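**Student:** Sharing a structure with you now.
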Amino acid sequence: MLSYLANPLRFMRFSRLAVPISFGLGAVLIGWSLYNGLLVVPPDERQGGDLMRAMFTHVPSAWLCMGLYAALAGASFVWYIWRHELADVAARAIAPIGAGYTALCFITGSIWGQKGWGAGWHNLILGDSRLMSVLVLFFLFLGYIALRAALETRQKAARAAAILAMVGIVNVPIIKVSVDMWQTTTIHQPSSVLSIGAPEPRADDEGMNPIYLQQLLWGFAGHSLFAAAMILMLMRSEVYTQQADRHLALKLEGS
Amino acid sequence: MSPSPLLSAFRSSLSEAWASGAGVLLPLGFFAGTAALVPFTLGSEAELLSRVGPGILWLALALSSMVTLERVFQADLQDGALDLWLQDAGSISLIAAIKTLTHWLVSGFPLVLLTPLIGFMLGVPPEKMVPAMLGYAMGGLVFFLWGGVAAALSASVARAGLLIALIALPLYVPALIFGVQMVDAGMASPSFLFLCACTLFALGVAPAAMGAALRLAAE
C-alpha cells in the first residue's frame, strides 16, 4: 500500500478522502474516551483520585510519541536510501506533530503525578524515569526541527535531518535503558506514581481495571487517527507549496 | 588510502587548538575555573561539595565539548580543506574521527589530569578518584563524538553553537547517567561496563554519521 501511495498524484487523491474521515473519526473517538474518562468511570483513589483522569490523554500520547519518532526515522531512512520525495515530506510533517504529542504526554503526566508525590516539579521530574525519557524525546524532536530550519536549501536540510533522525533512533533504546537504570539506582525515591500503594500492576499494564483499559484503547485509536489526519494535512500543504513554486517558475519563464 | 591525510588532520587540529590563545592552559583554566565557582554557587559545606562536585564536573565536561566543537568542521569547510579530504574516497569518516579525537585530547582530556587536584579541593573521597578519572576520560570521548556529529551536521550553519547544543545534549544522556553511577558505585558495578559499551558504540557509529554529514556540507 505504501508503494502504491508513493506516487504523489495517487497520494493526493487518497489523502483528499482520508484526511476528513480520519479527522472526524479520530475526534469522535477522542471525545468518547474523554467523556467516559472524565465523567463516567469512577476515580481510583489509590492513583490520585480525580487526577488519574489525566491518564486518558497521558497514556495514548505516551504510546504515540515513541511511535511517531520511529515513524520519523523510518521515513528519513526511506528518503535517504531511495530519495523518494514524499518520504521527506512525511518526515517533515511528522516532526511537529510528534513534538506536540511528547509535550502533551509530559504535561498530562506532570498533572497526574502532582498528587502522587506531593506537589512540586522537583519530585515529579526526578522521581519518574518514564517522564524523563519523554522529556529527552521531546528534545530529540526539537533538535530535528531546529536543524531543518537552520539549513538553507531544502535538499541539504532534508539530508542532514535524515542523518540526525537515524542517529537519534539508534540512540533512543540506549537512552531509555539508561534513564530507567538511573531511576532505580539513585538516592531519589525509587517508587513511581503508577504503583503507589496499588496492589495491581502498573496502570498502563494489561492487568488494569477493564473499564479504564477500554477507554485507553479508544483514546489511543482516536489519537492515532487524529495524528495521522494532521500529518496528512501538513503533507498535502507541503505538496501544494511545492507545486505553487513550480507554477510560479513556469509562469516567470513564459513571460 | 595513505596515512598522510590522517596525520595532517591530526597535526592541523592540534595546532588549531594550540594557536587559539594559551594552548593547553586554556582548557585547564576552564575546568579549574568552573571548579572554583562551585563553592560560590552552592556554599562551602564540605559534605555537600564532596557529594555534588563530581556531578558539576560532568556538566563542565559536556559544555566544554560543545564550546570547542563549534568551529572544528566549519573552519575546514571555509578554507577548503574539506574538499581536498573528500577527494580521497572513503577517508572522510576516519579524518572526522581523528579530528574529534584530537579535540577531545586537547579540551576534554585535561579534566582527567586535573581530577586529583579538583577532587582534593572539593573533598571527594580518594577511593572515588580513579573511577572518576576513568569516567571523565570515557564519558568525554562519548560527548566529543556525538557532539562532533552535531557539529558536522551544522557545519554550514553560520552561528551554530546553540543548535549543536540542542542536537547533542539528548545524545549525552546515557554516558552521563552511567558515568555518574560509576563514580558512585565504583568500577565493579555494571555501570562501568555500560559506560564502556556506550563509548564503543559511539566510536562505531559516530564517525560514519560525521562522514555522511561532512560529505553533505561540502556540496
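**Student:** Between A:LEU72, A:LEU86, which is more than 15 Å from A:PHE226 (Cα to Cα) and buried (at least 24 other Cβ atoms within 10 Å of the Cβ)?
**Tutor:** That would be A:LEU72, the only listed residue that is more than 15 Å from A:PHE226 (Cα to Cα) and buried (at least 24 other Cβ atoms within 10 Å of the Cβ).
**Student:** Give me the pairs, please: first residue somewhere in the range B:37-48 and more than 12 Å from B:GLY123 (Cβ to Cβ), second residue anywhere and open to solvent by less than 100 Å² (accessible area, probe 1.4 Å), beta-carbon distance under 7 Å, and either six or more positions apart or on two chains.
**Tutor:** That search, which allows pairs on different chains as well, returns B:LEU42/B:LEU48; B:LEU42/B:LEU49; B:LEU42/B:VAL52.
**Student:** Among A:ALA99, A:ALA71, A:ALA90, which is part of a helix (DSSP H, G or I) and more than 17 Å from A:VAL134 (Cα to Cα)?
**Tutor:** From the options A:ALA99, A:ALA71, A:ALA90, the qualifying one is A:ALA90.
**Student:** Further question: Pairs only if they're at least six apart or on different chains, beta carbon under 7 angstrom, first in the range B:163-184 and more than 8 Å from chain A (Cβ to nearest Cβ), second surrounded by fewer than 24 Cβ atoms within 10 Å (Cβ to Cβ) and not in a helix (DSSP H, G or I); list them, first residue then second.
**Tutor:** Qualifying pairs under 7 Å: B:ILE164/B:GLU70; B:MET182/B:SER189.
**Student:** Follow-up question, since we're still on this one. Yes or no: B:ALA97 under 21 Å from B:ALA209 (Cβ atoms) and modelled with pLDDT of 90 or more?
**Tutor:** Yes: the conditions hold for B:ALA97.
**Student:** So which residues in the range A:6-43 are open to solvent by less than 20 Å² (accessible area, probe 1.4 Å) and over 20 Å from the mean Cα position of the chain (by Cα)?
**Tutor:** Scanning the range A:6-43 gives A:PHE11, A:SER15, A:ASN36, A:GLY37, A:VAL41.
**Student:** Now for a separate question. For the range B:193-219, give me the residue count where each residue is open to solvent by 40 Å² or more (accessible area, probe 1.4 Å), among the hydrophobic types (A, V, I, L, M, F, W, C) and more than 8 Å from chain A (Cβ to nearest Cβ).
**Tutor:** 5
**Student:** Related question: As an exercise: evaluate B:ASP79 against (1) farther than 19 Å from B:PRO110 by Cβ; (2) open to solvent by less than 10 Å² (accessible area, probe 1.4 Å) and give the number of the one condition it does not meet.
**Tutor:** (2)
**Student:** Here is a list: B:PHE120, B:PHE31, B:PHE10. Which entry is open to solvent by less than 10 Å² (accessible area, probe 1.4 Å), among the aromatic types (Phe, Trp, Tyr) and out of contact with any Lys or Arg (no Cβ under 7 Å at 6 or more places or on another chain)?
**Tutor:** B:PHE31 is the lone residue from the list that is open to solvent by less than 10 Å² (accessible area, probe 1.4 Å), among the aromatic types (Phe, Trp, Tyr) and out of contact with any Lys or Arg (no Cβ under 7 Å at 6 or more places or on another chain).
**Student:** Just a yes or no: is a residue in the range B:143-157 closer than 22 Å to B:ASP79 by Cβ, out of contact with any strand residue (DSSP E or B) (no Cβ under 7 Å at 6 or more places or on another chain), within 12 Å of another protein chain (Cβ to nearest Cβ) and open to solvent by 20 Å² or more (accessible area, probe 1.4 Å)?
**Tutor:** Among the residues of the range B:143-157, at least one is closer than 22 Å to B:ASP79 by Cβ, out of contact with any strand residue (DSSP E or B) (no Cβ under 7 Å at 6 or more places or on another chain), within 12 Å of another protein chain (Cβ to nearest Cβ) and open to solvent by 20 Å² or more (accessible area, probe 1.4 Å), which makes the answer yes.
The values are calculated or read from the model by the stated rules, or taken from the named source; none is laboratory data. Since the structure is predicted, the reported quantities are computational estimates derived from the model, not experimental observations. Here Cβ is always computed from backbone atoms with ideal geometry, including for glycine, and neighbour counts include all displayed protein chains. Accessible surface areas use protein heavy atoms only, side chains included; no ligands, DNA or RNA. Shrake-Rupley method; radii C 1.70, N 1.55, O 1.52, S 1.80 Å.
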